[in-house]
Structures are given as C-alpha cells and as structure tokens.
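Reading through the structure tokens given below for one structure.
We did not get these values from a lab; they are worked out from the coordinates using the rules stated. Not measured: the values here are computed from a predicted model. Glycine gets a Cβ as well: all are built from the backbone with ideal geometry, and neighbour counts include every protein chain shown.
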Amino acid sequence: MAVHLLPLLREQFTPSVIDQLSQTLGESPANTLKAVNASLPTLLGGLTRHMQTTGGPSSTIAFLDTNDYGKTPFDITQVLTGSPELAQTTAAGNLFVEHIFGEQTQRVPELLATYSGTKPQSVTMIMNLAGAVLMGVLGRQEQEQGLTAHNLETLLLGQASEFRKALPDNLNSVRSLLGFDELVTPAGPQTEVQGADNFSGTIVNPNIPKSPEGDRQRENVRWLRWAMIAIAVLIIALIVQKFTQNQSSTDGINTDSTARAESNAVEDTSAATRRSIQDANGQTADSTAPGALGIRDSLSRK
C-alpha cells in the first residue's frame, strides 16, 4: 500500500521546526503553524488538480526528470540551520510550486497570508520548503524507481478527497480559485497505488508501487546510458588515432611501405656481371658505338 502524502509532509513540521521557522520568518509560532496547516493541503491539492488537466501528469514527470536531487533535503531541519542551504532549497522548491500553480503562483500565498495572519513572503517560503521535500520524494521515485505519469496520477487522485477535506473551512477563496470542488477520489475499489495508511513508507523510502511500464522504462534508460558511454569511448578512440596520425605526418615520418632500397647483394651481382663481360669481350663500353669493329677496338685499347 502506498504512502499518504499529506501526513508525510505534516511530519516535517514538528513543534521544534515550527519554533525555528517562526524565528526565521519573524512570525509568531501560532500564525506559522496556521500557515503550514493551510499550505500543505493547498500544495497537494494544487498538484492533484494539475493531474486533472490535459498533459498534466506527463508534464510533471518531465519536470521531475530534469532535476538533480543530490542536494534536495529529506528533512526540513537539514536546511534551517544554514542560510546558503535554505536559499538553495527554497529556490528549488519555488520552481516546483510554479509548475503546480502556474499563473496563480503569486495569488495563492496572498490568500493564505490573509487567512493565517502572516506575510505573503512567509507563506511563500513555507510552500517552497514543503514543495522542495515533495519534489524530492517524487523526483527520486521517478529517476530511481521508474515512477510513471499514470502511477503519479493514480496516487494523487486516490487521495484527492483527503486533500480537499484538509483545507481549512475559511479558505473558500483558495477553494474557488483552484477548483478544489473537483478534488474527488474516483469511485471504485481502492487500488494498490492509492494505498490506505502512512505506515507503509517513509520520507526516505516511500512505498509507491510501480507498474511494469515503469520497470521497462527504467531498464531502457539504463541500457541507453551504457550505449551512450560506449559510443563516447569509441569517438574518443577515433579522435586520438586521428591525432596520432597527423602528428606523425607533421614530424616527417615516412610511413610509405612501398619504398624499396636496393640491396648490396644486387649491386655486387651487377659489378660481377660487368667484369665477366669485360673478360669475354675486352671492353665494358657500349658495343654499339659507330665505326668499323677493328677501328673501334683499337681505339678502345689505346
């Protein structure tokens, strides 16, 4: 059974985190907690509403696939103690929040701030922190476990009614803006992907069942990576070979294997042949010289 996302995110905001976060934001702990309790169902409900749009599931999977989650925190407490880490996490989370809410990205925090008595920028930071954690959970599942668009859609729609009911009653403005009345879990038997409790997964290893399609996709990606590495190695080898050949030509090294040097044995044979001719004919000069034979020979002896 799959993990329930709303309790998973709520576990991030422990009393100590609320106290520390309220100090960072300059808000009271009570108002900070109120903003958190409003932001989490809004974030998850907004993502689920995005799943109900044309191309929403596939666009979200594509978004998750392009990110690097090496520095995405599993726990909010990992980034609250350091300003650089906090800024990096909220910036990454903001990209996911913008993907979810689109044109309403600025309007949603304003409405939540009015409800909670906090500043809009405080709500924005809360949503960005929660968005970064949620993005990390889903993104790692997509890249490492083959989470598909269909699995993601089924997971969220299976908890849609829970997200709608968790939104505070005094937030009808958000409910109307985002169309939360459409957040209804489909009728029918509960699927394996929908799940039933929060004890079957953790923030590090959420239990989100995958389909055979996801397994095949992950296997194809693995083979594609190995193929790309092999092609890259081959290209590098060809470049090195070409460079080596060009360098040899520049240094003046002659690699012509057709060149043939006359051996000493051939030269000695030629000299011996000339002596044999001289002994036999008495001359080594051209015997075709003009003139009578006797005159030519006498001139040769002189």
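Residue by residue through region 18-27, what is 3J(HN,Hα) from phi via Karplus (6.51 cos²θ - 1.76 cosθ + 1.60, θ = phi - 60°)? Round to whole Hz and write x for glycine and proline.
Coupling constants for region 18-27: 4, 4, 5, 5, 5, 5, 5, 7, x, 10 Hz.
Where Lys and Arg each count +1 and Asp and Glu each count -1, what net charge lies around ALA113 among other residues with Cβ under 12 Å from its Cβ?
Details: positive: LYS34, ARG107, LYS119; negative: GLU27, GLU110.
Charge balance near ALA113 sits at +1.
How charged is the neighbourhood of LEU5? Take every other residue with its Cβ under 12 Å from the Cβ of LEU5, and add Lys/Arg as +1 and Asp/Glu as -1.
-1
On a full-extension model of 0.36 nm per residue, what is the gain between THR114 and ALA232, subtracting their alpha-carbon distance, rounded to one decimal in nm?
36.9 nm
Got a sec? How would MET125, MET51 order by Cβ neighbour count within 10 Å, fewest to most?
Listing MET125, MET51 from fewest to most nearby Cβ atoms yields MET51, MET125.
Give the Rg/Rh ratio for region 5-208, taking Rg as the radius of gyration of the Cα atoms and Rh as the Kirkwood radius, to two decimals. Spell out each step's value before the answer.
On the way: Rg = 15.9 Å, Rh = 17.0 Å.
Value, to two decimals: 0.93.
Using mean Cβ contacts within 10 Å as the protection proxy, how do 147-159, 86-98, 23-35 order, highest first? Provide the component values of the computation, followed by the final result.
On the way: 147-159: 22.2, 86-98: 19.1, 23-35: 17.2.
Final packing ranking: 147-159, 86-98, 23-35.
What is the packing order of peptides 225-235, 126-136, taking the mean over residues of other C-beta atoms within 10 Å and listing the highest first?
Packing proxy ranking, top to bottom: 126-136, 225-235.
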